[in-house]
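Asker: Before we start, here is the structure in question, set down as structure tokens.
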Amino acid sequence: MEKNSEQIKGLIIRKMNRGDVEFAVEMAAAEGWNPGIHDGELFYEADNDGFFIAELEGKPAGCASAVAYGDSFGFLGLYVVKPEFRKKEIGRKLTEKCMEHLGDRNIGLDGVVENEKKYRKVMKFSSSYSNLRFEGKSGGEIPDGLVKISEVPFEKLLAYDGRMFPAPRPGFLKKWVNQPDSYAFASFEKGAVKGYGVIRKCRVGYKVGPLFADDRDTAEKIFSALRASVPEEIVYLDVPEPNEKAVEIAKKYHMNVMFKTIRMYSQKEPDMELDKVYGVTSFELG
């Protein structure tokens with residue numbers, strides 16, 4: 001027999017304030033997800049109503065995020081319960097709060113492989129494809145033919161981003177491409193965006209994401225610029241496995257797979273140009 005919320009004595013699940021988000025980021029770091037050093041602020045501003053903390057007897061026990069992108073799409077992430085509080089149904093209650101916040105939107109998530117069956121059975125999500133986290137080294141030279149992302153009109157960047165992401169994300173995108181401790185380049189020819197990418201400082205090394213491009217050559221040129229911008233660093237790239245050209249780029253630069261996640265959706269897979277996604281923005285926010 002399942003417990004109801006009243007039977008989980010001392011459990012409170014509430015919306016996070018800005019200060020609470022650092023708890024979620026620390027939890028993510030403890031799980032080995034290697035968050036960016038500015039992720040707390042950037043994530044929270046994406047949807048400050050979509051971050052939840054579980055407290056048991058007044059002590060932080062777990063967290064989850066449910067970021068709404070407009071009225072049609074949302075993304076679940078930062079789903080962690082402290083080891084000492086697991087198997088107390090806290091995770092289920094966090095999930096219920098997230099699903100309530102996102103309502104009837106199509107919801108995506110990047111789940112660890114061992115939880116795939118649970119998400120399918122309990123949450124009725126469907127698996128779409130795998131993402132691979134690659135690790136490698138920085139270096140090389142910044143190639144010619146690219147511009148700093150600040151030189152691209154934002155509306156054109158936003159329109160391009162919308163082809164590879166399921167919903168418009170103007171507020172998030174503007175802050176993401178201009179965050180401190182990052183570099184961002186674009187291929188911008190004759191007034192048209194052909195690709196763009198961002199690399200940001202993380203707890204360990206730097207992480208590329210997103211990396212969107214019309215073709216492999218453009219993607220590799222942008223990736224080369226990003227990895228050359230942070231010399232003598234470890235670099236991470238999260239690649240959708242179905243994009244074979246993206247996997248080829250990672251292997252060309254001698255990157256190794258660390259782990260994989262399963263991209264899942266509550267409804268049908270969104271209509272987006274996955275063959276142009278060479279690097280996922282973030283496993284936490286999509």
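The values are calculated or read from the model by the stated rules, or taken from the named source; none is laboratory data. Given the structure is predicted, the values throughout are model-derived calculations rather than measurements. Positions of Cβ are generated from backbone atoms using ideal geometry, with glycine treated the same way; all protein chains shown enter the neighbour counts. What goes into the accessible areas is simple: the full protein's heavy atoms, side chains included, and nothing from ligands, DNA or RNA. Shrake-Rupley method; radii C 1.70, N 1.55, O 1.52, S 1.80 Å.
Asker: Can you name the residue in region 146-175 that is crowded, with 17+ Cβ neighbours inside 10 Å and among the charged types (D, E, K, R) and is also nearest to PHE73 (Cα to Cα) among such residues?
Answerer: Filtering first and then ranking leaves ARG169.
Asker: Pull out all pairs, ordered by first then second residue, where Cβ-Cβ is under 7 Å, the residues are six or more apart or on different chains, the first lies in region 151-169 and is in contact (Cβ under 8 Å) with a residue 60 or more places away in the chain, and the second is among the hydroxyl-bearing types (Ser, Thr, Tyr) and surrounded by fewer than 21 Cβ atoms within 10 Å (Cβ to Cβ).
Answerer: ALA167/SER72
Asker: Something else now. So which residues in region 106-145 are surrounded by 14 or more Cβ atoms within 10 Å (Cβ to Cβ), among the charged types (D, E, K, R) and either in a strand (DSSP E or B) or over 18 Å from the mean Cα position of the chain (by Cα) (or both), if there are any at all?
Answerer: Once the filter is applied, which keeps residues that are surrounded by 14 or more Cβ atoms within 10 Å (Cβ to Cβ), among the charged types (D, E, K, R) and either in a strand (DSSP E or B) or over 18 Å from the mean Cα position of the chain (by Cα) (or both), region 106-145 yields ASP110, ARG120, ARG133, GLU135, LYS137.
Asker: Look through ALA61, ALA30 and report the one residue that is buried (at least 16 other Cβ atoms within 10 Å of the Cβ) and among the aliphatic types (A, V, I, L, M). If you could, list the steps in order and put the result at the bottom.
Answerer: Numbers: ALA30 fails: buried (at least 16 other Cβ atoms within 10 Å of the Cβ).
When all the criteria are applied, what remains is ALA61.
Asker: Checking ALA228 against (1) under 20 Å from VAL112 (Cα atoms); (2) surrounded by fewer than 21 Cβ atoms within 10 Å (Cβ to Cβ); (3) aliphatic (A, V, I, L, M), only one condition comes out false. Which one?
Answerer: Here ALA228 clears every test but (1).
Asker: Separate question: Would you point out which residue out of VAL112, VAL122 is among the β-branched types (Val, Ile, Thr), outside the structural domain of MET272 (by the TED database) and more than 26 Å from GLY40 (Cβ to Cβ)?
Answerer: Of VAL112, VAL122, the one residue that is among the β-branched types (Val, Ile, Thr), outside the structural domain of MET272 (by the TED database) and more than 26 Å from GLY40 (Cβ to Cβ) is VAL122.
Asker: Please count how many residues of region 231-245 are open to solvent by 20 Å² or more (accessible area, probe 1.4 Å) and on the phi < 0 side of the Ramachandran plot.
Answerer: So the count comes out to 7.
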